[in-house]
Amino acid sequence: QLTKKLDLRGNSFTVIPAGAFLDTPYLTHLDLQRCKVERLEEGAFRGLGRLVYLNLASNSIALLYQESLDGLSSLQQLSLEGNRIEEIQPGAFGHLGSL
């Protein structure tokens, strides 16, 4: 529960489900680079209000739902390069006031 930095690079998570990180509310840095992620469910990052850095580079994300990044109110750095993003729904970045 007290984890602040979590490096999961190179793992195999095709889907990040809603509430996936609810048990780690103190995370400030999360690295999911090269994890074969194809989909971020709405609410995948809810509960991560302290997160300032999120690396989703080099995955296979095609769509960002309106609430895919919901709950990341403190996020300052977001890396999405190397994905195959085809659609970003309106409001997907609406709650990221610190980005």
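Things to note:
- Overall form of segment 30-82 per C-alpha gyration tensor (a/c, 1.5; a/b vs b/c): oblate
- Dimensionless Rg ratio for the chain, taking C-alpha atoms and the 2.2 N^0.38 Å reference: 0.95
- Trypsin sites (Lys or Arg not before Pro) restricted to segment 31-99 and DSSP loop, no more than 10 other C-beta within 10 Å: ARG84
- Toward the positive end of the charge dipole of the chain, with +1 on the Cβ of Lys and Arg and -1 on the Cβ of Asp and Glu, the farthest Cα among LEU56, LEU40, ASN11 is that of ASN11.
- Taking a sphere under 10 Å around the Cβ of SER12 and counting the other residues whose Cβ falls inside, with K and R at +1 and D and E at -1, yields a net charge of +2.
- Longest stretch of the chain clear of exposed loop sites (GluC sites (Glu not before Pro), DSSP loop, at most 11 other Cβ atoms within 10 Å, sites excluded): 1-80.
- Neighbourhood net charge (12 Å Cβ-Cβ; Lys/Arg +1, Asp/Glu -1) for SER60: +2
- Split the accessible area of the chain by element, probe 1.4 Å, and carbon with sulfur accounts for 45%.
- Segment 1-92 - accessible surface per residue (Å², probe 1.4 Å): 52
- For segment 19-94, a simple Cβ point-charge model (Lys and Arg +1, Asp and Glu -1, everything else neutral) yields a dipole of about 200 debye relative to the Cα centre.
- Charge sum, other residues only, whose C-beta stays under 13 Å from LEU2's C-beta, Lys/Arg counted +1 and Asp/Glu -1: +2
The values are calculated or read from the model by the stated rules, or taken from the named source; none is laboratory data. These numbers were taken from a predicted model, which means no experiment stands behind them. Note: ideal-geometry Cβ built from the backbone for every residue, glycine included; neighbour counts use all protein chains shown. For accessibility, only protein heavy atoms count, side chains too; no ligands or nucleic acids. Shrake-Rupley method; radii C 1.70, N 1.55, O 1.52, S 1.80 Å.
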